[in-house]
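To start, the structure under review is shown below, and the notes come after it.
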Amino acid sequence: MNLRKIIGAIIFLILIAGLGYYGYLHREDFAELRLVNPWLLIVLIGLFIFSYFTIAIVNNELMKALKVKMPVLESFMLAIVTGFYNLITPFRGGMAVRAVYLKKKYGFAYVHFLASLSAVYVLTFFVASFLGLVSTVWIYYSTGVFSWILFFVFLFVFFGMLGIIFISPKFKERRNKWLNRFVKVVNGWHLIKHNKQIIVLTSVVTLVQILLGSLGMWLQFRVFGLEVPFVAAVFLSAIGNLSLLIGLTPGNLGVHEAVVVFSARTIGISAAESLSVALLGRAVSLVVLFVLGPIFSWLLIKKGNSKV
């Protein structure tokens, strides 16, 4: 086990222990919560699955820009499998599984995979930080509540992504093959950068994904009979997306929940309520990914058995 895995395991255990200890101290608060609208769980599962179709669309369009065509259904299954392995491995190991699959079956170079992945993350963090800024200001004008810390986090990420999108330099390739791979990954953004159609489509679909996540968050509160403004759900969904920047634990487990609970406190939502909602969302994702992940893994292996 290397150092990164050890650090990830330690952080994971600390966060889980902390959440458990908090739950024990405030068990009376949690005991007051009830599943008022359990039928909404079916809607949440449907939204979660649909969100993976949008991920498949983004992945397909980015690969088309790099001359690889893949059926949407296969891309959807691969997205689910990627999410499944992200849950059971640290540092988003599902991405490695996806990269190997694309390389073996489609000859999709690892460098191009990293370039397309970089493009997705740049646009995701850009859109999420923009929505975070808008929702922060909206919440302030509607409730008078304002979090300077999170506002500056959104602002920092927004301008950082803006800089990458518009002024990222293009490096010359090097003789050293390892250094040259890094240069190709950085320059890979420029392959996407000049394709305005791909940029617009990916940005729009990313916006839809985050809004779907916001709708899911809003419905998770309503499962417990809790009424929160939709803009608050957008705020929490945006900061939840930015928590991917940390990504030290399997599936961002513990990190995502901690970030959501801290952020919810800044806009007046109790920790017991936000933690219950975050854990409910996590439970939905676990059920879907642990049911569909192994099935789709088997189907993809069977489908491409001659090449993978």
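The numbers here are math on the coordinates, done by the rules we state, and not lab data. Worth saying up front: this structure is predicted, and the values here are computed from it rather than measured. So basically every Cβ, Gly included, is an ideal-geometry build from the backbone, and we count neighbours across all protein chains shown.
Here are a few things to note about the model shown:
- Which listed pairs, of 103/193; 105/302; 104/193; 64/193, have C-alpha distances above 21 Å, in listed order: 103/193; 104/193
- Scalar couplings 3J(HN,Hα) for segment 141-148, obtained by applying the Karplus form with A = 6.51, B = -1.76, C = 1.60 to θ = phi - 60°, are 6, 8, 10, x, 8, 8, 10, 5 Hz; x denotes Gly and Pro.
- Note on segment 38-303: Kirkwood hydrodynamic radius from all Cα pairs is 19.3 Å, rounded to one decimal.
- Highest mean first, the peptides 60-71, 37-48, 279-290 sorted by other C-beta atoms within 10 Å per residue fall in the order 279-290, 60-71, 37-48.
- Across q = 0.13, 0.29 Å⁻¹, segment 83-150 modelled as identical point scatterers on its alpha-carbon atoms has Debye log10 I(q)/I(0) values of -0.58, -1.16, in the order of the q list.
- As a calculated quantity, the FRET efficiency between residue 111 and residue 47 at R0 = 35 Å, using C-beta atoms, amounts to about 0.55.
- The local environment of residue 195, defined by Cβ-Cβ distances under 10 Å, has a net charge of +2 under the rule Lys, Arg +1 and Asp, Glu -1.
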